[in-house]
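K.L.:
What follows is a structure written as structure tokens; I'll ask about it next.
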Amino acid sequence: METKEKTAIKGGEFLIRDTDAQDVFIPEEWSEEQKMIAQTCHDFIDTEVMPNLDKLDSHDYPELMPELLEKAGELGLLGTSVPEALGGFGMNFNTTMLVSEVIGKGHSFAVALSAHTGIGTLPILYYGNEEQKQKYIPKLATGEWKAAYCLTEPDSGSDANSGKTKATLTEDGKHYLLNGQKMWITNGGFADIFIVFAKIDDDKNLTAFIVEKEFGGVTMNEEEKKMGIKGSSTRQIFFNDTKVPVENMLSERENGFKIAVNILNVGRIKLGAAALGGCKAGVTAAVNYGNERKQFGKSLTEFGAIKYKLAEMTSRIYASESAHYRAGQNIDDAYDAFVAGGMEPAKARLKSLEEFAIECAILKVHGSEVLDYVVDEAVQIGGGMGFSADGPFERAYRDARINRIFEGTNEINRMLTVDMMLKRAMKGTLDLLGPAQKVAGELMSIPDFSAATDESLFGKEKKALANLKKAGLMVAGAAVQKFMTKLADEQEVLMNLADMMIEGYVAESVVLRVEKLVGIKGEAACQHEIDMARIFLHNAMESIATSGREAIYAFAEGDEMRMMLMGLKRFTKEEPFNVKEARRRVANYVIEKNEYPFVK
């Protein structure tokens, strides 16, 4: 894979292009200002939210969540992505991701805040006209007004554009009358502002509206009874001849579906970032308990089986974090380039997120699934106390589960990852065909065993990563050739392809992060980080080999199958590596520090 000369990387290009470690952002590089912002978030969650979790979950104090949002607004935590001119802090995207991460340990409060600041505020910020921005954004940034997002309906979940809520223009042409039902509306019980999606007359596509609760005709059911995030207000909302001024149409008629899709790009990657906060809190709670709990005369953390869990939890978090902030910096860099080229800032932000929509989908999946792994293993380490509602694990386990459903299910996001990649290839914006053909040709050739081995610190890892990309290109190219336009119907194969891309992207991200860190701090100071990168890469190679085999079995046969399986074996071949000892070193460090010990 040849690197292009100093051109900015495109979304999805990670599969066909190498990245230099110096070109990625790593969390160890947070500025002092960013660390102070993170500490403010930590302090707020620890002092205002954590002591009130039971009250929030019981809904006995319905005014508590709005009050907490207002307090967060006073600290500026609701306006991190809002420009200073509109009452916010105007932070770059990676900094807003950091805020999402730290707030992410706040259980239901994190859900309420992310819904307000993301899908509740950003549609107006990015798509509103100047009058709409001036009217709504400053009050949303302070928390004086709270926001909710009304897209999902009883018969339209993943297929959002099939919604049946209607908007009809009044005879005098001054208002739209909204009629319909929305469900699973986060913040629904106390929101002042609703972003509502409806179809005007017989339009094919949705239109978005800014609806104030005070417009009237807005009613709702009781709070939903949920498995987790019980403290978050979730209601069904009914609009009954709700009079919405025509000037409250958001953007243009029938542009609602595009708004929904683009805002979800933000929500996806920020959900992954928030999951990191929950992950780090989960490791800390687990090691705290494991260090204190005695069995057979020893602490739980002295047992190898527990060390395995702690090391896997920590390594997966560190790798996922690496990928999130790598992508976040890509988004920031693209934004800066668009603005420098004369693009209006709101459009530049949307365009930069759209450019990296593939990575946003990847990270939503990865972050949410790492969180599920972490809280599940934390419950296991807790044993009976893990299962008890009196312990620190049970709420985290239940609250984590929604993340694989929020912002598009992980199945939808997996299929989107492949679909977006292939569509860009068909449009010519991403050259997948050339590299895929090159890999296919390599399968027909005799392997070159004479090539010199790269003896640098990450030489073997870089070779392994290049081979993993070849594995993905080989299987994807063959699947496209086999199924052509019917590939969309082969969802099992699409899921296999997505998993190969996801694991490859995150594995490359963590290796690049540690390579850069070693360049800053030296190899001796980064032994645990090196171990984690190698642990994750080991796991990724095993996972990619399995996904690749399953896909090949699904569509190839005879000589073609044998050739592809041989190629897959070659591309996922791993140098011998004592992963047990690496895990023990990482676990021992976590145990010694009695917390998640890396960037917090």
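K.L.:
What about V24, is it β-branched (V, I, T) and closer than 21 Å to A337 by Cβ? Explain how you work it out, then say what you get.
P.N.:
On the way: β-branched (V, I, T): yes; closer than 21 Å to A337 by Cβ: yes.
In short, yes.
K.L.:
I'd like to know if the stretch 136-148 contains one or more residues that are within 26 Å of the chain's Cα centre (by Cα), in a loop (DSSP other than H, G, I, E, B) and at pLDDT below 95. Working first, answer last.
P.N.:
Let us first name the residues in the stretch 136-148 that are within 26 Å of the chain's Cα centre (by Cα), namely 137, 140-143, 146-148.
Now drop any that are not in a loop (DSSP other than H, G, I, E, B), which leaves 143, 146.
Those left that are additionally at pLDDT below 95: none.
So far as the stretch 136-148 goes, no, none of its residues is within 26 Å of the chain's Cα centre (by Cα), in a loop (DSSP other than H, G, I, E, B) and at pLDDT below 95.
K.L.:
In the list D376, D390, D419, D399, which residue meets the criterion of being within 21 Å of V493 (Cα to Cα) and not aliphatic (A, V, I, L, M)?
P.N.:
Going through D376, D390, D419, D399 in turn, just one is within 21 Å of V493 (Cα to Cα) and not aliphatic (A, V, I, L, M): D419.
K.L.:
Condition first: crowded, with 20+ Cβ neighbours inside 10 Å and not in a strand (DSSP E or B). Now tell me which residues in the stretch 173-187 satisfy that.
P.N.:
Correct list: N187 only.
K.L.:
A follow-up question, please. Every residue in the stretch 78-106 that is hydrophobic (A, V, I, L, M, F, W, C) and either closer than 22 Å to Y596 by Cβ or within 15 Å of the chain's Cα centre (by Cα) (or both), please.
P.N.:
Narrowing the stretch 78-106 to residues hydrophobic (A, V, I, L, M, F, W, C): 78, 82, 85-86, 89, 91, 93, 97-99, 102-103.
Listed by number, the residues that qualify are F93, M97, L98, V99, V102, I103.
K.L.:
Take the residues of the stretch 367-417 that are assigned to a helix (DSSP H, G or I) and aromatic (F, W, Y): which is nearest to D499 (Cα to Cα)?
P.N.:
Ranking the candidates gives Y373 first.
K.L.:
Which of the residues spanning the stretch 224-269 are of a type in the set (K, R) and out of contact with any Gly (no Cβ under 6 Å at 6 or more places or on another chain)? Steps first, please.
P.N.:
Keep residues of the stretch 224-269 that are of a type in the set (K, R), which gives 225-226, 230, 235, 243, 253, 258, 268.
Selection gives K225, K226, K230, K243, R253, K258, R268.
K.L.:
Within the stretch 418-433, can you find the residues that are under 18 Å from M501 (Cα atoms) and small (G, A, S)?
P.N.:
Correct list: A425 only.
K.L.:
Which of (1) surrounded by fewer than 22 Cβ atoms within 10 Å (Cβ to Cβ); (2) within 21 Å of F190 (Cβ to Cβ) is the odd one out, the single condition T19 does not satisfy?
P.N.:
For T19, the failing item is (2).
K.L.:
Can you confirm whether R395 is closer than 17 Å to K225 by Cα and either in contact (Cβ under 8 Å) with a residue 60 or more places away in the chain or surrounded by 22 or more Cβ atoms within 10 Å (Cβ to Cβ) (or both)?
P.N.:
Working: closer than 17 Å to K225 by Cα: yes; either in contact (Cβ under 8 Å) with a residue 60 or more places away in the chain or surrounded by 22 or more Cβ atoms within 10 Å (Cβ to Cβ) (or both): yes.
The answer is yes for R395.
K.L.:
Looking at V82, V111, can you tell me which residue is in contact (Cβ under 8 Å) with a residue 60 or more places away in the chain and crowded, with 24+ Cβ neighbours inside 10 Å?
P.N.:
V111
K.L.:
Let me ask you something else. Need pairs with beta-carbon distance below 7 Å; first residue in contact (Cβ under 8 Å) with a residue 60 or more places away in the chain and within the stretch 348-361, second β-branched (V, I, T) and part of a helix (DSSP H, G or I); sequence gap 6+ or separate chains.
P.N.:
Short answer, once both residue conditions are applied: S352/I331; L353/V266; L353/I331; F356/I331; I358/T417; C360/I269; A361/T417.
K.L.:
Right, here's the next one. What pairs can you find where one residue is in the stretch 407-426 and in contact (Cβ under 8 Å) with a residue 24 or more places away in the chain and at negative phi, the other is of a type in the set (D, E, K, R) and in a helix (DSSP H, G or I), and their Cβ atoms are less than 7 Å apart, with a gap of 6+ or different chains?
P.N.:
Partner pairs satisfying both residue conditions: N410/E369; N410/R404; N413/R268; N413/K364.
Listed here are the residues, each with its yes/no results for (1) surrounded by fewer than 17 Cβ atoms within 10 Å (Cβ to Cβ); (2) at pLDDT 95 or above.
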{"residue": "F356", "(1), (2)": "no, yes"}
{"residue": "L363", "(1), (2)": "no, yes"}
{"residue": "E377", "(1), (2)": "no, yes"}
{"residue": "F387", "(1), (2)": "yes, yes"}
{"residue": "N403", "(1), (2)": "no, yes"}
{"residue": "Q437", "(1), (2)": "yes, no"}
{"residue": "A440", "(1), (2)": "no, no"}
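K.L.:
Another one. Of the residues that make up the stretch 194-213, is at least one among the charged types (D, E, K, R), part of a strand (DSSP E or B) and over 30 Å from Y397 (Cβ atoms)?
P.N.:
yes
K.L.:
Here's something else I'd like to know. Restrict the check to the stretch 150-166 and report whether at least one residue is over 25 Å from G73 (Cα atoms), in a strand (DSSP E or B) and in contact with a Leu (Cβ under 9 Å, 6 or more places away or on another chain).
P.N.:
yes
Okay, residues lined up against (1) free of Cβ contacts under 8 Å to residues at least 40 places away in the same chain; (2) out of contact with any Phe, Trp or Tyr (no Cβ under 7 Å at 6 or more places or on another chain); (3) surrounded by fewer than 18 Cβ atoms within 10 Å (Cβ to Cβ); (4) on the phi < 0 side of the Ramachandran plot:
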| residue | (1), (2), (3), (4) |
| --- | --- |
| L169 | no, no, yes, yes |
| F194 | no, yes, no, yes |
| K204 | no, yes, yes, yes |
| G216 | yes, yes, yes, no |
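K.L.:
Here is a follow-up. Which one of K164, K213 is of a type in the set (K, R) and either under 25 Å from V49 (Cβ atoms) or modelled with pLDDT of 95 or more (or both)? Steps first, answer last, please.
P.N.:
Values: K164 fails: either under 25 Å from V49 (Cβ atoms) or modelled with pLDDT of 95 or more (or both).
Unique residue meeting the criteria: K213.
The values are calculated or read from the model by the stated rules, or taken from the named source; none is laboratory data. Source: prediction; values computed, not measured. Methodologically, a virtual Cβ is constructed for each residue, glycine included, from the backbone with ideal geometry; neighbour enumeration extends over all protein chains shown.
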